[in-house]
Structure formats: C-alpha cells, structure tokens
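**Student:** First the structure, then my questions, so here it is.
Nothing in this text is a laboratory measurement; each read-out follows from the coordinates by a stated rule. Fair warning: this is a prediction, and the values are worked out from it, not measured in the lab. Every residue, glycine as well, gets a Cβ built from its backbone with ideal geometry; the counts of neighbours run over all protein chains shown.
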Amino acid sequence: MSQPIETELTKILGIKYPIIMAPMFLVSNAAMTIAAIKSGITGAIPALNYRTDKDLRAAIKEIKDKAKGPFGINLIVNKSNVRMKEQLNTCVELGVDFIITSLGSPRLVIEACKPKGIKVFCDVVDVEYAIKVQELGADAIIAVNSEAGGHAGPMSYKELIPLLVEKCLIPIISAGGVGTGKQLKEKLELGACGISMGSPFIATNEAGVSDDYKQAIVDYGAKDIVMTTKLSGTPCTVINTPYVQEIGTKQTWLERLLNKNKTLKKYAKMLTFYKGMKSLEKAAFGATYKTVWCAGPSIEYVKKVQPVNEIVEKLISEYNS
C-alpha cells in the first residue's frame, strides 16, 4: 500500500491522496465517485447530470450507502442554471461534503453551506476573481488553467498557481494538465494543495458513456484537442474529430450577430447552450457520425480503458518513483 500524501486538501477532506475526480458534464456518475472514494481520493458530479431533483437525491444517497468517504457536487451558479437553488437545497439537506461552484458568484452557496460545515471550492481563472471568492468565504480555490478540459482558463499552470499562492490566503487546487504522477508532483511543488483531474477518468470501466467515447480518449492525444465556441458560446475543449473539422469551431456569422444584439444575446446564448448540450449528450451515449466529444490534453497519457482504482494506483506509483 502506498503511503498517504499529506497536503492541505487531504486534511480538509480527510482523504489519502490530494486528488479530486473533476466533475464532468454528462460523464461523472455515482459509480465513478464510489470508485474514487474507495481508491483514496474524492470525486464531484455536476448537479446538471441529473434531470430531476429525485435523480440527484438518489445518486447522493447511493454514494453515501456504498462508500464511506467525502464527495462533492458541482453547481453552475449563474442565471443559465434555473435549478440552482433547488440543487443547493438538496445538497445542504442531504449533507454532501463539498460543493464546487462554476461560472458565477458563489455567495448564495457559501451562505447556505457555511453553517452546515459543507466546504465550498470555487472555480477561478484569474487572481481578481480568486480574491473575490476568498472575501466571500470560499474554503479553497480551484485554479482552472489553460490545459483543463471543458471550459479551460487563459493562463498556464506555471503562471497561475504561483500567482494565486502569492496573492491568496486560502488553499489552491490546480485543475488541468495532469495525466501522470510526475505532473501531480509538479503542481504540488508549485504550491497547489491538490489537483482536480477529469479527462483520463472518461476512459474507465465505471464511466457510463459510450465505448466509442472511451476509445476516443485512448486513440487521440493532446495535439487533437481544439477549442470551440459552438457548444455553449464559451470556449470549450473538444476532440478534433472529422465531424468537428467539418462543422468548424467558430460560431457562424448569424450566431455572432445574435450574440452582439443586446436584446437577443441572452436568448442566443441559451439556444447555443441548449443545442451544444444536446449534441454532446448524443455523442456521449451513442455511436453517431455527428460526434462532439469533450476532453482535455491530458488524454495524451491514456493508453487503455481501465478501472478508476488502477488510474489512481498508477498516478501514486509514478508520484513516488
């Protein structure tokens, strides 16, 4: 058995290794999270992966029943998520261990979670926003760098982590660019207290996505990751499949025009988001020519589909070697 890696994150959550299995839209599920907990790390699931409050409650209860360890839920906290308050109430009522907030102000979440002892970690991409969430009472910052999958940040981890460590008083968790134990060590040596790692876990037995999606994570590499604004209006990283090459990664002239019109902008963004999420959903769960697979450059290090615990064991073994 490998020795624990002690950091601020392992102390906050009571886990063996300072790793969060990152919340991935349409990918993260209860089975992956249970496996993560049993492997000595933790995991988080986007609340939006569940269509109803009943489904979200069932997933939280299943994880609590089948694994004894901390886990979290990821909440989109801007106006696009009309179910945010309901999701937050469920998380507080059922007592999840932490919440990761994305794309908006975490104020409401922090106010609801603090009295219950639920930790709040906030996604940030720059110092200015990191200081804001710190002042609101966040427990830790998730520093989303330019190598993250999904909505990546603009700065490299080499720039972002030291900057946040210098300017902030709360712990920094690095998100993006980890596929090996050596890269985990590098992030910790820069001052992060842990990592949030997603894309390599897509190619696991426990992931509920299609075999084609898992195989794409194995077959493609870092050079195949491109940014697209077609899915949500916000730049998002996807695998550059033949279909993505065919449709392009930039919005059409009509989409751009609608996004510039003050009155229509809100509705255009909602439509882009809805259409993008529908195409992601089709690609994630079924074999289709029209395939858009979300992933980050850390798929470079994925060589096969395997159980969650084997990925964790390999990471820790490489970290110690």
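**Student:** Using the reciprocal of the averaged 1/r over all distinct C-alpha pairs, how large is the Kirkwood radius of the range 1-146 in Å?
**Tutor:** Working: mean 1/r = 0.0652 Å⁻¹.
Evaluated over the range 1-146, this radius sits at 15.3 Å.
**Student:** Within 13 Å, Cβ to Cβ, of Ala140, how many net charges do the neighbouring residues add up to if Lys/Arg are +1 and Asp/Glu are -1? Kindly include the intermediate steps, with their values, before the conclusion.
**Tutor:** Values: positive: Lys11, Lys119; negative: Glu8, Asp97, Asp123, Asp139.
Around Ala140, the surrounding residues sum to -2.
**Student:** Let me ask something additional. Take the cross-link list Lys68/Lys214; Lys64/Lys85; Lys132/Lys167; Lys66/Lys114; Lys16/Lys303; Lys11/Lys119 and give me the ones stretching past 18 Å between alpha-carbons. Show your work: numbers first, answer last.
**Tutor:** Working: Lys68/Lys214 28 Å; Lys64/Lys85 22 Å; Lys132/Lys167 12 Å; Lys66/Lys114 26 Å; Lys16/Lys303 25 Å; Lys11/Lys119 12 Å.
Going by Cα-Cα distance, Lys68/Lys214; Lys64/Lys85; Lys66/Lys114; Lys16/Lys303 fall outside the 18 Å limit.
**Student:** Separate question: Give me the net charge for the shell around Ile12: Cβ to Cβ below 12 angstrom, other residues only, Lys and Arg +1, Asp and Glu -1. Numbers along the way, then the final one.
**Tutor:** On the way: positive: Lys11, Lys119; negative: Glu6, Glu8, Asp97, Asp139.
My count for the surroundings of Ile12 gives -2.
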